[in-house]
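The values are calculated or read from the model by the stated rules, or taken from the named source; none is laboratory data. What you are looking at is a predicted structure, and each value in this text was computed from that prediction instead of being measured. Every residue, glycine among them, receives a Cβ derived from its backbone with ideal geometry; neighbour counts consider all protein chains shown.
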Amino acid sequence: MPVLVVGSIALDHIKTPTAEHHQLLGGSASYAAVAASFFGPVNLVGVVGDDFPERHKRLFAERKIDLTGLEVAEGKTFCWSGEYELNMNNRKTLSVALNVFEKFQPKLPESYRDTPYVLLGNIAPSLQRSVCQQVRKPKFVVADTMDLWIGMARADLLELLKEVDMLILNDSEARQLTEEDNLIRAGKKIIAFGPRYVAVKKGEHGCLLFGRDGEFFSTGAFPLEDIADPTGAGDCFAGGFIGHLARTDDTSFPNLKEGIIQGTLVASYCCEEFSLRRLQSLTADDIEVRRRDFGSFIA
Ligand code: AMP
């Protein structure tokens, strides 16, 4: 089953305590689409400027990602610049140049509108809602979000939550959205806003999954000794998760739990190198090897 991925496509400048790189392929949709492509076909919707390097487009094509929905607009590609602290967990945004992303209105090609599994990557909730209106009878819709939208577009986000099956956000965002310090209570409050499920990510400490009927799952992250660049880990988590659901075409809670694990594993690979570099050399077999290791850590 194919997955539809909508989100940002960016040229990132990333600074860590030990390295700095410019003009890296980034953006929520880039990471999520490539992560999902390890599980099955992906339909990508996003916008880039006329400066977007051909090699980045080739990377998507090599992963067999359908680019019918990739818009090339006159102007520059969205550019985000961030810097990590020593702990490689906290980061601050140094600059954002929206460029062609400012006027982005996701338009689904007719061939995408029956895609059964949908990932609304991190973009304005009003745009995520416009995608929901363009897909016909999807089986499962996941939305990702960030602190910016919780602060700036709360009303739109609350409307979106009534229309999606699942929300993914990190622990600080869950606290911000619910004004609740305890994550268990925060998770339950988010469910009350509308989605059937919510996944609360805790960075290197893993993830909590809550369901409307009291379902609950908790997992750690895959232990990594060296982290080169955690940018995009959250998007890879979401892409791996929805990719697994689509591959198995199964939205039961036990299978959602396995999706959380698959997302966790793809995210762990993402952190090993800058940008999408580790994912470029990754294979489905690598993910399986790490799955076996991970199983032996938790049982
Ligand atoms: P993550 O590390 O999973 O939070 O995702 C990082 C990616 O999000 C980077 O590659 C950025 O290009 C992208 N990004 C940063 N700010 C925004 C924003 N306001 N809207 C959409 N994407 C963004």
- Task: Would you check which residues across the stretch 145-170 are more than 16 Å from the chain's Cα centre (by Cα), within 16 Å of the ligand (Cβ to nearest atom) and not in a helix (DSSP H, G or I) and list them?
- Result: A153
- Sort out which residues of the stretch 180-231 are polar (S, T, N, Q) and in contact (Cβ under 8 Å) with a residue 24 or more places away in the chain, and write them in order of number. T219, T231
- Query: Checking T115 against (1) away from the ligand (no atom under 16 Å from the Cβ); (2) under 18 Å from the mean Cα position of the chain (by Cα); (3) part of a strand (DSSP E or B), which single condition isn't satisfied?
  - Reply: (3)
- Residue selected from the stretch 52-101 under the condition among the charged types (D, E, K, R) and in contact with a Gly (Cβ under 8 Å, 6 or more places away or on another chain), by the criterion nearest to the ligand (Cβ to nearest atom): R91
- Item | Selection from the stretch 118-130 of residues that are within 15 Å of the ligand (Cβ to nearest atom) and either under 18 Å from A73 (Cβ atoms) or in a loop (DSSP other than H, G, I, E, B) (or both) | G121, N122, I123, A124, L127
- Among the residues of the stretch 30-37, is any farther than 18 Å from C236 by Cα and within 12 Å of the ligand (Cβ to nearest atom)? no
- Reported set for the stretch 202-235 where residues are buried (at least 21 other Cβ atoms within 10 Å of the Cβ), out of contact with any Lys or Arg (no Cβ under 6 Å at 6 or more places or on another chain) and either modelled with pLDDT under 95 or closer than 15 Å to E258 by Cα (or both) is L208, L209, F210
- Message: Every residue in the stretch 100-112 that is in a helix (DSSP H, G or I) and touching a Leu at 6+ places or on another chain (Cβ under 9 Å), please.
- Response: Y112
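Here is a yes/no grid of residues against (1) more than 15 Å from L4 (Cβ to Cβ); (2) buried (at least 19 other Cβ atoms within 10 Å of the Cβ); (3) among the charged types (D, E, K, R):
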{"site": "E83", "(1), (2), (3)": "yes, no, yes"}
{"site": "N89", "(1), (2), (3)": "yes, no, no"}
{"site": "F104", "(1), (2), (3)": "yes, yes, no"}
{"site": "K107", "(1), (2), (3)": "no, no, yes"}
{"site": "Y112", "(1), (2), (3)": "no, yes, no"}
{"site": "S130", "(1), (2), (3)": "no, no, no"}
{"site": "R136", "(1), (2), (3)": "no, no, yes"}
{"site": "W149", "(1), (2), (3)": "yes, yes, no"}
- Consider E173 carefully, then state whether it is under 25 Å from V131 (Cα atoms) and assigned to a helix (DSSP H, G or I). yes
- Counted residues, the stretch 1-53 - those being over 19 Å from V135 (Cβ atoms), touching a strand residue (DSSP E or B) at 6+ places or on another chain (Cβ under 6 Å), touching a residue at least 60 places away in the same chain (Cβ under 8 Å) and in a strand (DSSP E or B): 9
